[in-house]
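Since the structure comes first, as structure tokens, the remarks are kept for the end.
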């Protein structure tokens, strides 16, 4: 019997996969579900499943971000996605399979069968690959601006704010720059343990959060007094992320 966790921000996708597993894979037990990176990390730490079915694009980050929380993972990974353009990256972290949505029942059965084939070197290889993907926080980020390039350390960045197709970066020295990338592209550059996209237009560094307020749907007050909105749908994941990285 294999214990598995399903991590996907779409409740309907989790339900479909859970039903397929119940019908087709009697040797699999679903021990929990999560709807994002933060809740997924907590679920894995609590349940320690043999394998996870992991969506790639989620509300609070990428499935690859979740893997970076586990330097020496003891679970197998089966990615699920509506897009096939992440397959190469998925196998870079040695996922045992990559299932396209809507999930084909035969492909699902074959993916589960692969859980039998993990060899003794699997953990070592995956740990090595994950280490290569982990963001090096001591290195500066190269940020393209309208004038050229600016180099900032992640730990100095206080917050990001979307501005149409570009993004304002604010640092702890009171400086602001306009980066020629949208906020989603910039999110991929940042270490997920330190930064969270709490609103479609805002990303915040946990180190500069002074207070979390629940009034008016939720907001975060920073040390400099600036208040960032937190969307209602992201509040639970935001609080879980704070607890997981405190």
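Observations on the structure shown:
- With a requirement of 3 or more residues that are under 17 Å from residue 61 (Cβ atoms), the strands (runs of 3 or more DSSP E) lying completely within segment 134-207 that satisfy it span 157-163, 195-199, 202-205.
- Top-ranked residue of segment 51-61 - restricted to ones that are buried (at least 18 other Cβ atoms within 10 Å of the Cβ) and touching a residue at least 60 places away in the same chain (Cβ under 8 Å), ranked as nearest to residue 35 (Cα to Cα): 60
- Condition check for residue 234: within 17 Å of the chain's Cα centre (by Cα), under 27 Å from residue 165 (Cβ atoms), at pLDDT below 90 and not in a strand (DSSP E or B): yes
- Complete set of residues in segment 167-188 that are under 25 Å from residue 37 (Cα atoms), out of contact with any helix residue (DSSP H, G or I) (no Cβ under 6 Å at 6 or more places or on another chain) and modelled with pLDDT of 95 or more: 168, 169, 170
The values are calculated or read from the model by the stated rules, or taken from the named source; none is laboratory data. The structure displayed is predicted, hence computed values, not measured ones. Positions of Cβ are generated from backbone atoms using ideal geometry, with glycine treated the same way; all protein chains shown enter the neighbour counts.
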